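Any read-out appearing in this document is the output of simple, stated calculations on the displayed coordinates, not a laboratory observation. Everything quoted here is computed from the prediction, not taken from an experiment.
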Amino acid sequence: MLDPRGQVNRVPRRTARVPQQTISSEQAANCVRSGMWLDYGVSLCQPDVFDKALAARKEDLEKVKIRSCLSMRPRAVVECDPDGKHFFLFSWHFSGYDRRKHDAGRCNYMPLNLGEVPDYYRRFLDPVDIVVLKTCPMDEHGYFNFSAANLWHRAVIERARTVIIEVSQSLPYVYGDENGVHVSEVDYIVEGDNEPAPELPNPPPNEVDRAVARRIAAEIEDGSCVQIGIGGMPNAVCALLLESGVRDLGVHTEMLTDGIVELYKAGRVTGTEKTLNPGKIVYTFALGSSGMYATIDRNPDFHCFQVDYTNSPHIIMRNERMISINNTTQIDLQGQAASESDGHRHISGTGGQLQFVRGAYASKGGKSFICLASTYDKRGERRSRIVLELTPGNVVTTPRSDVMYIVTEYGMVNLKGKSVAERAMALISIAHPDFREHLERQAYENRLIPHGCSF
């Protein structure tokens, strides 16, 4: 049964307790002791006034470890502590800020499949000492809404010894499945600063992005259900879909982006043909513009689920004609896609790429696309993103056994069912023309393509 917020009514899973009265951020920060594990949650739910108050206690604390994900603002605890003696950040997925702090030795990545993280908290991680989440103000039902960042916050609360809520008037209130925490589960409440929710700029697509997007958009039929990632190419796909006239799209995605919202506002996303959650735009978190936040605020067409629902392949596959569109940064001639690192330098994260590749492939009539520009520039030199072998240290995000369609501005190939030699030849055919001869020679020299091969 759904309550008026569109959420499933369930008894809170933590031991119910009467919350303390609202306390100051300084009082909340005084709960922290050296050596504790804290959790700051994900993106829009990361606390700010608590973070600043905790940073002010730097000299009192050592070895405080903080889990987070997609930091959208500088973290005061990191900025105040350049040597990492007092606070250290662990991230499930890097934002640009997290990447810079990783480069400085102040942040470390935690490998995952994003949809499995609730299970990690429940099965493999020690209890969290303190979780601090920014939420919407308590509603008339006694819930603090997680806004547009559901993910694994319920699992963290279940495993936390202390729950602190930082209330913000500026977050969009969104409907979803268990997208909030009841006041009976909260220990302390802190008034936030009510700063506007952080926005994520959308880079305009370039000509390469649009060339790739045209090939993918041509494969999407009326009534398809789509998952679209972030970046210039996925944004370009949304723009091309607007131009193409495709109708009655459904959405089952990890991240809700401005491109998807523009398709919705244009009437192209209706969800009427979805086999799972018909009529609902399903996502687990949203990042984008203030206009997007205004669109999803108290909008019943958008439904924010926990990430073990949005990202589980066995759930994704229940959507017929599921279309998964994701970026990669490098792919070798056997089809291994490296999407999250540059050698040993970590850049982003696995996220849900592999899970959506698998879920879309298993869907009836489903397709998964991994897209990339054929080249990139490094230190003034143009290099191929399609290579004989991955850069040493590069992390394989999607194995060769899972890859389906690979798309560049020069073409699209399906690697399913192809031999190593056929894969190499197919990928060379969509590499930049300037690199094809060299790649072919490397493929023969390394016996990926047998001499005398004539297929």
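Using only the Cα atoms of the stretch 316-455, build the gyration tensor, take square roots of its eigenvalues as a ≥ b ≥ c, and label the shape rounded, prolate or oblate: rounded if a/c is under 1.5, else prolate if a/b is larger than b/c, else oblate.
Because a/c hits 1.5 or more and a/b fails to exceed b/c, the stretch 316-455 counts as oblate.
Can you give me the long-range amide H partners of Glu178? Hydrogens built in the peptide plane at 1.01 Å from N, cutoff under 5 Å, separation of 5 or more residues or another chain.
Val8
What percent antiparallel are the DSSP beta bridges of the stretch 207-445, to the nearest 5?
Counting only bridges with both partners in the stretch 207-445, antiparallel ones make up about 35 percent.
Please list 3J(HN,Hα) in residue order for the stretch 401-411, calculated via the Karplus relation 6.51 cos²θ - 1.76 cosθ + 1.60 where θ = phi - 60°; whole Hz, with x for glycine and proline.
Per residue, the Karplus-derived 3J(HN,Hα) values read 6, 9, 5, 10, 8, 10, 10, 10, 5, 9, x Hz.
With contacts defined as alpha carbon pairs under 8 Å and 6 or more residues apart, what's the relative contact order of the chain in percent?
13 percent
Over every pair of different alpha-carbon atoms in the stretch 25-191, take the mean of 1/r and invert it; report that Kirkwood radius in Å.
That comes to 15.8 Å for the stretch 25-191.
The chain: D in µm²/s via Stokes-Einstein (Kirkwood Rh, Cα pairs, 4 °C, 1.567 mPa s)?
56 µm²/s
Using the Karplus curve 6.51 cos²θ - 1.76 cosθ + 1.60 with θ = phi - 60°, what ³J(HN,Hα) values do you get for each residue of the stretch 297-308, in whole Hz, with x for Gly and Pro?
Calculated HN-Hα couplings, in order: 4, 6, 9, x, 6, 10, 10, 9, 9, 6, 5, 6 Hz.
I need the Kirkwood Rh of the stretch 227-332: take the reciprocal of the average 1/r across all distinct C-alpha pairs and report it in angstrom.
Its Kirkwood hydrodynamic radius stands at 14.1 Å.
Whole percent per 5 Å bin, from 0 to the bin with the longest distance: what is P(r) over all C-alpha pairs of the stretch 254-294?
In order of increasing distance, the bins hold 6, 23, 28, 28, 11, 4, 0 percent.
Assuming a ≥ b ≥ c are the square roots of the Cα gyration tensor eigenvalues, decide whether the stretch 282-383 counts as rounded (a/c under 1.5), prolate (otherwise, with a/b larger than b/c) or oblate.
oblate
I need two numbers for the stretch 207-445: Rg to one decimal and Dmax as a whole number, Cα atoms only, in Å.
Gyration radius and largest Cα-Cα distance of the stretch 207-445: 17.7, 60 Å.
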